[in-house]
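Asks: Here it is, the structure in full.
The values are calculated or read from the model by the stated rules, or taken from the named source; none is laboratory data. Bear in mind the structure is a predicted one, so any value in this text is a computation, not a measurement. Every residue, glycine among them, receives a Cβ derived from its backbone with ideal geometry; neighbour counts consider all protein chains shown. All accessible areas refer to the heavy atoms of the entire protein, side chains included, with ligands and DNA or RNA removed. Shrake-Rupley method; radii C 1.70, N 1.55, O 1.52, S 1.80 Å.
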Amino acid sequence: MTHDHDLVLRPTAAQTEAALNPPPGRNGGDLVVETLAGLGATTVFGLPGQHALGMFDALRRSDLRYIGLRVENNAGFAADAYGRITGEAAPLLLSTGPGALTSLAALQEARAASAPVLAISSQIPTAGLGGGRHGYLHELPDQSASFRGVVKSVHTVRSQSQIPSAIAEAWTSALTVPHGPVWVEIPQDVLLSETPVPVVTGGDAFPEELPPRPELTAVAADLLSRAERPAIIAGGGVVRADASGKLRQLAERLQAPVVTTFGGKGAFPWTHPLSLQSWLEDRHTTDFLEDADVLLVVGSGLGELSSNYHTFKPRGRVVQIEADLGKLESNHPALGIHADARLALQALLETVEERTDPSAPARVREVLDKVRERIESQELTLEQDVLASVRAALPPGAPSFWDMTILAYWAWSAFDAKAPNTMHSAQGAGGLGYGFPAALGAAAADPTHPVLAVSGDGGALYSIAELATARQYDLNVTWLIVDDGGYGILREYMTDAFGQPTATELTRPDYVALAESFGVPGVRTSPETLATDLAKALAAPGPSVVVLPAVLRMFAPTHLE
């Protein structure tokens, strides 16, 4: 009798030939790129450094496409966006010490947003490992310790034979839900030494599925079927699981209103009769969700931004579906279901009973009318017009990447993403500089759509060097820079708190002239001409910059009331 575990995959003739007669001149770096190619990678991001040259030299002997950015943190943001768009693990090649550490903020964002990034860094030579003080360039007592609290998993290589398995293990970790960044480090001498290890010709690595426990979905289905006022909060987990279709089916079967979190933009149709849109920073929405007798939370941990700054206090039963075990019931008691959103929603669709509730659309309209009245009472026409112009200019299928800037804060609540996985921002970790380099990564992932990046002038200064990257690779990204002469949102926060701002004003360059110095077309626009200028830039191939001098204001918060 033959058992499944007795089966062995036999190498093909071509694989046998490659193993027995490897090409000359291969080193440890070749094992890295061969493993990546075997796993299905086609594009890598990064920035070379002295200890990592073995990997970068091997790239020229491979078919992998290399996108080189000017700052490691920006390379991390580009890989993050590539992972979000494709759902694949995006390789990020880095050098030791300063190069590696410069990527930390990007990896923090990838972890917070569950973006699959496979960071591979060099290390000092093997003789210097172990916490010694040998004085090697870039030496740290324990480089991996700097990443252990940021990434999902850390994988340290000590010999060439470990490279294929370590990278495959990291790849699996990055793509097992919840997705996230992982860290592999390989000493310089291991990368540079000629290798006797055969050519890596295979490398299938299958992420583990995370199905829900059936006894839990049975209870959840019963609660939702018997609910009088069910409601749904849809988070980024719905988008990442490609589960928006199943979410819509469930909401319609239950007649349950749906609000999407800022990370879950596009998970539910914006204009659907059951759509509460994304007005989470509004007390009217908070009150409505608190009144639900059964609240289904899918793919969200109900963190600070998703809970109106922790003022949300549900009065009914909460059912929480979340792939990150640590987020289950981390903020509110719930029936916690540790599962991938798609698999859990499918289980609910198979067991939930259909409800009828003719009043649900009317109750949704009532909430949205109250929200609109509150916003209109604050004389924020400029801000709404600017956001509407961006929406009008951006083609429906085109992705957008938003930095931490006032217009992005508006977009979190008020922007119609049109489709899932098209609007992305740095709201996971909240660092500056995300928008433009992330857009470059998205353009590398899918050149068939134009990509929009939105930054304030403060955030833009983090990313100016990547204009050279955009031009070098002719990436189809239009960068909208809203220039208000400083850190606009911090200016507002400080003025509200202390009566006047400090350290928020910036001397900045002429962004149009600066873009043109990189060979990137630039145009200065106005609120009145923004829609036309932005649409024209997005329609033109290659990179472009649109600068909008404007001072925007935020709508008044409700969590302080």
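Asks: Please determine, by comparing only the residues of region 410-430 that are of a type outside the set (A, V, I, L, M, F, W, C) and at pLDDT 95 or above, which one is surrounded by the most Cβ atoms within 10 Å (Cβ to Cβ).
Replies: The qualifying residue surrounded by the most Cβ atoms within 10 Å (Cβ to Cβ) is His424.
Asks: Just checking, how many residues over region 313-367 are part of a loop (DSSP other than H, G, I, E, B), open to solvent by 30 Å² or more (accessible area, probe 1.4 Å), farther than 15 Å from Asp222 by Cα and of a type in the set (D, E, K, R)?
Replies: Summing the residues that are part of a loop (DSSP other than H, G, I, E, B), open to solvent by 30 Å² or more (accessible area, probe 1.4 Å), farther than 15 Å from Asp222 by Cα and of a type in the set (D, E, K, R) in region 313-367 gives 4.
Asks: Look through region 258-314, keep the residues that are touching a Ser or Thr at 6+ places or on another chain (Cβ under 8 Å) and aromatic (Phe, Trp, Tyr), and return whichever of them is farthest from Arg226 (Cα to Cα).
Replies: Phe262
Asks: Could I ask something else about it? So, in region 302-336, of the ones that are more than 21 Å from the chain's Cα centre (by Cα) and β-branched (Val, Ile, Thr), which residue ends up nearest to Leu280 (Cα to Cα)?
Replies: The residue in question is Thr311.
Asks: Tell me which residues, restricted to region 238-268, are of a type outside the set (S, T, N, Q), under 22 Å from Ala408 (Cβ atoms) and not in a strand (DSSP E or B).
Replies: Listed by number, the residues that qualify are Val238, Val239, Arg240, Phe262, Gly263, Gly264, Lys265, Gly266, Ala267, Phe268.
Asks: Restricting to region 44-82, name every residue that is of a type outside the set (A, V, I, L, M, F, W, C), over 25 Å from Ser425 (Cα atoms) and open to solvent by less than 20 Å² (accessible area, probe 1.4 Å).
Replies: Once the filter is applied, which keeps residues that are of a type outside the set (A, V, I, L, M, F, W, C), over 25 Å from Ser425 (Cα atoms) and open to solvent by less than 20 Å² (accessible area, probe 1.4 Å), region 44-82 yields Gly49, His51, Gly54.
Asks: Given the residues Ala535, Ala503, Ala515, which is the only one that is in contact with a helix residue (DSSP H, G or I) (Cβ under 9 Å, 6 or more places away or on another chain) and under 28 Å from Trp279 (Cβ atoms)?
Replies: The unique qualifying residue is Ala535.
Asks: Using the structure shown, decide if Thr495 is open to solvent by less than 70 Å² (accessible area, probe 1.4 Å), more than 24 Å from Pro399 (Cα to Cα) and touching a residue at least 40 places away in the same chain (Cβ under 8 Å).
Replies: In short, no.
Asks: Determine which single condition Phe268 fails, assuming it passes every other condition in (1) over 20 Å from the mean Cα position of the chain (by Cα); (2) of a type in the set (Phe, Trp, Tyr); (3) crowded, with 24+ Cβ neighbours inside 10 Å.
Replies: It fails just one condition, (1).
Asks: For region 498-534, enumerate the residues that are more than 19 Å from Ile464 (Cβ to Cβ) and surrounded by fewer than 16 Cβ atoms within 10 Å (Cβ to Cβ).
Replies: Matches in region 498-534: Phe498, Gly499, Gln500, Thr502, Ala503, Ser526, Glu528, Thr529, Thr532.
Asks: When you scan region 196-236, how many residues do you find that are assigned to a loop (DSSP other than H, G, I, E, B) and either at pLDDT 95 or above or in contact with a His (Cβ under 9 Å, 6 or more places away or on another chain) (or both)?
Replies: 9
Asks: For region 535-554, which residues satisfy the criterion of being open to solvent by less than 20 Å² (accessible area, probe 1.4 Å), over 19 Å from Asp510 (Cα atoms) and small (Gly, Ala, Ser)?
Replies: The answer is Gly542, and nothing else.
Asks: Would you mind stating whether Ala41 is buried (at least 24 other Cβ atoms within 10 Å of the Cβ), modelled with pLDDT of 95 or more and among the small types (Gly, Ala, Ser)?
Replies: Judged against the criteria, Ala41 is not a match.
Asks: What do you reckon, is Thr405 open to solvent by less than 30 Å² (accessible area, probe 1.4 Å), farther than 26 Å from Thr558 by Cβ and not charged (D, E, K, R)?
Replies: no
Asks: I've got another one for you. Considering only region 185-217, state which residues are hydrophobic (A, V, I, L, M, F, W, C) and surrounded by 15 or more Cβ atoms within 10 Å (Cβ to Cβ).
Replies: Ile186, Val190, Leu191, Leu192, Val197, Val199, Val200, Ala205, Leu210, Leu216
Asks: Do you know which residues across region 221-245 are surrounded by fewer than 24 Cβ atoms within 10 Å (Cβ to Cβ) and of a type outside the set (S, T, N, Q)?
Replies: Ala221, Asp222, Leu223, Arg226, Ala227, Glu228, Arg229, Asp242, Gly245
Asks: Looking at region 94-126, which of the residues that are among the β-branched types (Val, Ile, Thr) and within 21 Å of the chain's Cα centre (by Cα) is farthest from Glu139 (Cα to Cα)?
Replies: Val117
Residue by residue, here is whether (1) open to solvent by less than 10 Å² (accessible area, probe 1.4 Å); (2) hydroxyl-bearing (Ser, Thr, Tyr); (3) in a strand (DSSP E or B) holds:
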site	(1), (2), (3)
Pro91	yes, no, yes
Ala100	yes, no, no
Glu109	yes, no, no
Ala115	yes, no, no
Ile120	yes, no, yes
His134	no, no, no
His138	no, no, no
Pro141	no, no, no
Val150	no, no, no
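Asks: Among the residues of region 272-291, write down those that are free of Cβ contacts under 8 Å to residues at least 40 places away in the same chain and either buried (at least 22 other Cβ atoms within 10 Å of the Cβ) or part of a helix (DSSP H, G or I) (or both).
Replies: Passing the criteria: Asp287, Glu290.
Asks: Turning to a different aspect of this structure: For Thr12, state whether it is at pLDDT below 95 and of a type in the set (S, T, N, Q).
Replies: yes
Asks: Right, next: Quick one: is Glu185 at pLDDT 95 or above and touching a helix residue (DSSP H, G or I) at 6+ places or on another chain (Cβ under 9 Å)?
Replies: The answer is yes for Glu185.
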